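Quick notes on the structure that follows.
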Amino acid sequence: MTPVVSSSAPTDARPPLRRRQRRHPLRSALAVGVFVFCVFPVYWMFSTAFKPATDIQTDEPQLVPTSWTLEHFRTAISSDGFWLFWRNSLMLTVSAVLLSLVVALAAAFAVARMRWRGRRAFLLLIFAAQMAPWESLIIPIYIMYRDADLLDRLPGLTLIYFMITLPFTIVVLRNFLATVPEELEEAAQVDGCTRPQAFLRVVFPLLAPGLMATSLFGFITAWNEFAYANFLIIKDQDSRTLPVWLTSFQNTFGTDWGATMAASTLFAIPALLIFLLLQRQVTSGFASGAVKA
């Protein structure tokens, strides 16, 4: 006896994927427009760095260079202080990011795992510090650094970058800690681990996505910072950073646009590499972190 198939069996009422995609041409066009709008300045910087000087100064812009040259890159690399400023920027950025991660991890654990008076007020202060425009604090910070004899010193600039990246790092790590069940720590303590050991062995591996996301944000923020590096480093030229170095291609006779674009390309490469290196791990860490732990 053959089974009777009921005509009232549930069916998938959604249209096929291709048909659903055809219904949103405006959304696709908008996405392409946003992509072109964001990528075009980067492409123009990159292409201008390889154009000869005669092609840069023409009245008719060329989207695709007709000829290529590396002269602008040689000019940028051979300029005074390039490698010194590169070392300064890298040292400042890495130091500020590592310091903010250590302090923010302890603060985020205290906020997410402990109950103490003033915890909500502390969080409000963190959010307020995150929303405050740091450029508005240049004058009071300058006066404080002048009185404390911290002008023209790289440790003073590292402290500024640390304070800029710290609020965001605390907020993000606190949110990641809140998603980790406390039962995991309790189970580890039942198995014989102390509370610090339970945190390092169980919770810390699950925070890898948050640590990488905050490291990426902190690196890009500190690497691109210009205002404080320009105002707090006045006399000691050897303590300047790469963002300030980019202004050295402007003089009384004009701007060397080819060298400026080449220097900007060299300046953007480390942040781009860090982004490409951490992006996949940040996105995949949400799914694989808990399984690996």
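Has segment 115-124 got any residue that is in contact (Cβ under 8 Å) with a residue 40 or more places away in the chain and basic (Lys, Arg)?
Taking every residue of segment 115-124 in turn, none turns out to be in contact (Cβ under 8 Å) with a residue 40 or more places away in the chain and basic (Lys, Arg).
Looking at (1) in contact with a Ser or Thr (Cβ under 6 Å, 6 or more places away or on another chain); (2) in a helix (DSSP H, G or I), which is the one condition that is false for PRO65?
Only one criterion is unmet by PRO65, namely (2).
Is it the case, given these coordinates, that TRP134 is of a type in the set (Phe, Trp, Tyr), open to solvent by 60 Å² or more (accessible area, probe 1.4 Å) and assigned by TED's automatic domain parsing to the domain that holds ILE233?
Working: of a type in the set (Phe, Trp, Tyr): yes; open to solvent by 60 Å² or more (accessible area, probe 1.4 Å): no; assigned by TED's automatic domain parsing to the domain that holds ILE233: yes.
Considered against the rule, which asks whether it is of a type in the set (Phe, Trp, Tyr), open to solvent by 60 Å² or more (accessible area, probe 1.4 Å) and assigned by TED's automatic domain parsing to the domain that holds ILE233, TRP134 comes out as no.
Working only within segment 48-64, note down all residues that are at pLDDT 80 or above and either within 20 Å of VAL36 (Cβ to Cβ) or within 32 Å of the chain's Cα centre (by Cα) (or both). Full working, then the answer.
Our first condition is that a residue be at pLDDT 80 or above; within segment 48-64, this holds for 48-56, 63-64.
Passing the criteria: THR48, ALA49, PHE50, LYS51, ILE56, LEU63, VAL64.
State whether the residues of segment 91-111 include one that is touching a residue at least 24 places away in the same chain (Cβ under 8 Å), of a type in the set (Ser, Thr, Tyr), assigned to a loop (DSSP other than H, G, I, E, B) and under 30 Å from SER47 (Cβ atoms).
no
Given the criteria farther than 20 Å from VAL94 by Cβ, in a helix (DSSP H, G or I) and without any contact (Cβ under 8 Å) to a residue 60 or more places away in the chain, does ARG174 qualify? Before you say what the answer is, go through the steps one by one.
Numbers: farther than 20 Å from VAL94 by Cβ: yes; in a helix (DSSP H, G or I): yes; without any contact (Cβ under 8 Å) to a residue 60 or more places away in the chain: no.
Answer is no for this residue.
Within segment 214-238, which residues are touching a Leu at 6+ places or on another chain (Cβ under 8 Å), small (Gly, Ala, Ser) and open to solvent by 10 Å² or more (accessible area, probe 1.4 Å)?
SER215
Quick check on segment 94-103. Is at least one of its residues over 16 Å from PHE162 (Cα atoms) and surrounded by 12 or more Cβ atoms within 10 Å (Cβ to Cβ)? Break it down stepwise before answering.
Looking only at segment 94-103, we keep the residues that are over 16 Å from PHE162 (Cα atoms), and these are none.
No.
Could you figure out which of (1) closer than 26 Å to TRP223 by Cβ; (2) modelled with pLDDT of 90 or more isn't true of ILE143?
Single failed check for ILE143: (1).
Which residue out of SER89, SER95, SER79, SER67 is of a type in the set (S, T, N, Q), within 30 Å of GLY258 (Cβ to Cβ) and under 18 Å from the mean Cα position of the chain (by Cα)? Break it down stepwise before answering.
Values: SER95 fails: within 30 Å of GLY258 (Cβ to Cβ); SER79 fails: under 18 Å from the mean Cα position of the chain (by Cα); SER67 fails: under 18 Å from the mean Cα position of the chain (by Cα).
Just one listed residue meets the conditions, SER89.
The values are calculated or read from the model by the stated rules, or taken from the named source; none is laboratory data. Note that the structure is predicted; figures quoted are calculated from it, not measured. Because the Cβ atoms are built from the backbone with ideal geometry, glycine has one as well, and the counts that use them run over all protein chains shown. Ligands, DNA and RNA are stripped out before the accessible areas are found, and what is left, the full protein with its side chains, is counted by its heavy atoms. Shrake-Rupley method; radii C 1.70, N 1.55, O 1.52, S 1.80 Å.
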